[in-house]
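These notes concern the structure reproduced below.
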Amino acid sequence: MNWISRLFGRPKQPAPSVSSIARFFNEAARDEEHFPSSIDPRIYHVQLVLSHLGDVSGRTVADLGCGKGRFARIVAERNPAARVVAIDLAEAMLAQADLNLLRCAASMTSLPLASGSCDGAYATESLEHAVDIEAAVSEICRIVKPGGRILIIDKNASHWGRLKTPEWERWFGRRELERLLARHCSQVSSRFISYWDDVEPDGLFIAWLAVK
Ligand SMILES: C[S@@+](CC[C@H](N)C(=O)[O-])C[C@H]1O[C@@H](n2cnc3c(N)ncnc32)[C@H](O)[C@@H]1O
């Protein structure tokens, strides 16, 4: 390396655009192994979504970054009178979601839903891809009415490096997301979770639970 390249250093990569992230997930939709279309309802992540939302019969719930709608399908099955809105950036993911869901292609950083239109909203392993995390949290909270419930499940920043990740992915500290949610919500907490409720969490997954 000569003095000129040392002086200028390595050029910083520009942040990937929303359209390139959408392209990535549109292609990833073919990968059923890593982006499955179903999930065992006994998995604690699913149980926590169901229990935190509570009885949503006759109510509207949004799954943000729903992928192939594996969580949304179970929420709809358990609450047949609920309106479940499944939102994802990637149309190819949505194309594999249950036709009974109200499906919509959009970014969670700019949601096409009216303020206070939902009784609950959740995002499982999707906020980590939203790049503008403050905008996404603000949007999730905007569409939920006062008293409505919000749940985010994502990975712990202090375990960064454990898995292969695309360049834009972000993991979060507990306090970091608690603080963002607390700007909009009256009650916020977080806890470590694992896939099974009888297995001690190893710190990889965190659930943030909020009431607006
Ligand atoms: C790891 S998958 C998780 C999917 C689903 N929540 C699940 O647990 O099965 C991440 C999903 O987030 C979506 N996504 C990424 N960025 C997004 C954004 N800005 N707004 C909405 N969805 C987004 C991707 O298209 C992908 O389907």
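The values are calculated or read from the model by the stated rules, or taken from the named source; none is laboratory data. As the structure is a prediction and not an experimental result, all values here were calculated from the model. Counting neighbours? That spans all protein chains shown, and the Cβs are built from the backbone with ideal geometry, glycine included.
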>> Of all residues being touching a Gly at 6+ places or on another chain (Cβ under 9 Å) and under 20 Å from residue 169 (Cβ atoms) in the stretch 29-75, which is surrounded by the fewest Cβ atoms within 10 Å (Cβ to Cβ)? Just the residue, please.
In response: 36
> Applying the selection to the stretch 78-107, what residues are part of a helix (DSSP H, G or I) and within 14 Å of residue 37 (Cβ to Cβ)?
Replying inline: 92, 93, 94
>> If I filter the stretch 93-112 for residues that are more than 10 Å from the ligand (Cβ to nearest atom) and under 14 Å from residue 53 (Cβ atoms), do I get at least one hit?
In response: no
> Which residue pairs have Cβ atoms closer than 8 Å, lie 6 or more positions apart in sequence or on different chains, and pair a first residue in the stretch 56-75 that is within 12 Å of residue 122 (Cα to Cα) and among the aliphatic types (A, V, I, L, M) with a second residue that is within 7 Å of the ligand (Cβ to nearest atom) and in a loop (DSSP other than H, G, I, E, B)?
Replying inline: 64/108; 64/126; 72/66
>> Checking the structure you have, find out if any residue of the stretch 37-46 is away from the ligand (no atom under 11 Å from the Cβ), touching a strand residue (DSSP E or B) at 6+ places or on another chain (Cβ under 8 Å) and either at pLDDT below 95 or not in a loop (DSSP other than H, G, I, E, B) (or both).
In response: yes
> Which members of the stretch 146-197 meet the condition of being of a type in the set (Gly, Ala, Ser) and crowded, with 17+ Cβ neighbours inside 10 Å?
Replying inline: 148, 190
>> If I filter the stretch 115-144 down to residues being farther than 22 Å from residue 54 by Cα and not in a helix (DSSP H, G or I), which single residue comes out as nearest to the chain's Cα centre (by Cα)?
In response: 130
>> Can you tell me how many residues within the stretch 155-188 are closer than 23 Å to residue 16 by Cβ, touching a helix residue (DSSP H, G or I) at 6+ places or on another chain (Cβ under 6 Å) and among the aliphatic types (A, V, I, L, M)?
In response: 1
> Within the stretch 168-190, which residues are of a type outside the set (A, V, I, L, M, F, W, C) and either assigned to a strand (DSSP E or B) or within 13 Å of the ligand (Cβ to nearest atom) (or both)?
Replying inline: 169, 170, 187, 189, 190
>> Contact list please: Cβ distance under 7 Å, first residue in the stretch 14-26 and over 10 Å from residue 129 (Cβ atoms), second residue assigned to a helix (DSSP H, G or I), pairs at least six apart or on different chains.
In response: 26/91; 26/92
>> Take residue 25 and tell me if it is out of contact with any strand residue (DSSP E or B) (no Cβ under 7 Å at 6 or more places or on another chain), among the aromatic types (Phe, Trp, Tyr) and either at pLDDT 95 or above or part of a loop (DSSP other than H, G, I, E, B) (or both).
In response: yes
>> Please go through the stretch 47-62 and give me each residue that is within 13 Å of the ligand (Cβ to nearest atom) and in contact with a Ser or Thr (Cβ under 9 Å, 6 or more places away or on another chain), ordered by number.
In response: 49, 62
>> Let me spell it out: the conditions are (1) more than 20 Å from residue 46 (Cβ to Cβ); (2) outside any strand (DSSP E or B); (3) small (Gly, Ala, Ser), and residue 67 meets all of them except one. Which number is the exception?
In response: (1)
> What pairs can you find where one residue is in the stretch 127-147 and closer than 17 Å to residue 186 by Cα and of a type in the set (S, T, N, Q), the other is more than 10 Å from the ligand (Cβ to nearest atom) and assigned to a helix (DSSP H, G or I), and their Cβ atoms are less than 9 Å apart, with a gap of 6+ or different chains?
Replying inline: 138/180
